[in-house]
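The values are calculated or read from the model by the stated rules, or taken from the named source; none is laboratory data. Here the structure is a predicted model, which is why all the values come from computation and not from measurement. Because the Cβ atoms are built from the backbone with ideal geometry, glycine has one as well, and the counts that use them run over all protein chains shown.
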């Protein structure tokens, strides 16, 4: 059975106040919190203290492995599998295979981007305690929220609620799993 998780959420008035709240949460030492807004906010990653995503490395690795795999496949089939000299060309005439090598490189990069994003974002996540909150439903329309999960090392229900209120949070709510 999964461990029960409580979440404390607070609503903020604007994107600027949410950005300011994220900076204060990071400075206070909170680790497992998230900021929710209806649109991306420039500078939010730095305010939250998030590191650069490893997704680019995953995409690069997948693209390179697709390219090298296709070069190896075309080399093997032309040298060992079906060695045929056509029009006096060498057995491995790589120029003919550039389009298919390029296509597989792009395909493998796309798979890396899609599945890497799913894995890094821990998706699909079918349920989260925030779904119980009536107030949280408006984050996609124009609400700005900070949520702190109970597995945060600094989680103490009363301290978190008072801290969120002190940095400008309105409608502070504890959502029980």
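Laid out as a table, the results:
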quantity	calculated
Yes/no for residue 44 being surrounded by 15 or more Cβ atoms within 10 Å (Cβ to Cβ), touching a helix residue (DSSP H, G or I) at 6+ places or on another chain (Cβ under 9 Å) and outside the structural domain of residue 148 (by TED's automatic domain parsing)	no
Conditions (1) buried (at least 16 other Cβ atoms within 10 Å of the Cβ); (2) in contact with a strand residue (DSSP E or B) (Cβ under 6 Å, 6 or more places away or on another chain): number failed by residue 71	(2)
Extreme residue, farthest from residue 114 (Cα to Cα), among residues of the range 70-93 that are assigned to a helix (DSSP H, G or I) and touching a helix residue (DSSP H, G or I) at 6+ places or on another chain (Cβ under 7 Å)	74
In the range 140-155, residue surrounded by the fewest Cβ atoms within 10 Å (Cβ to Cβ) [restricted to those that are touching a helix residue (DSSP H, G or I) at 6+ places or on another chain (Cβ under 9 Å) and outside any loop (DSSP other than H, G, I, E, B)]	149
Residue in the range 36-46 that is in a helix (DSSP H, G or I), touching a strand residue (DSSP E or B) at 6+ places or on another chain (Cβ under 8 Å) and closer than 27 Å to residue 160 by Cβ present	yes
Residue in the range 109-128 that is in a helix (DSSP H, G or I), without any contact (Cβ under 8 Å) to a residue 60 or more places away in the chain and surrounded by 17 or more Cβ atoms within 10 Å (Cβ to Cβ) present	yes
Selected residue (only one of 65, 87, 53 is in contact (Cβ under 8 Å) with a residue 24 or more places away in the chain and exposed (fewer than 14 other Cβ atoms within 10 Å of the Cβ))	53
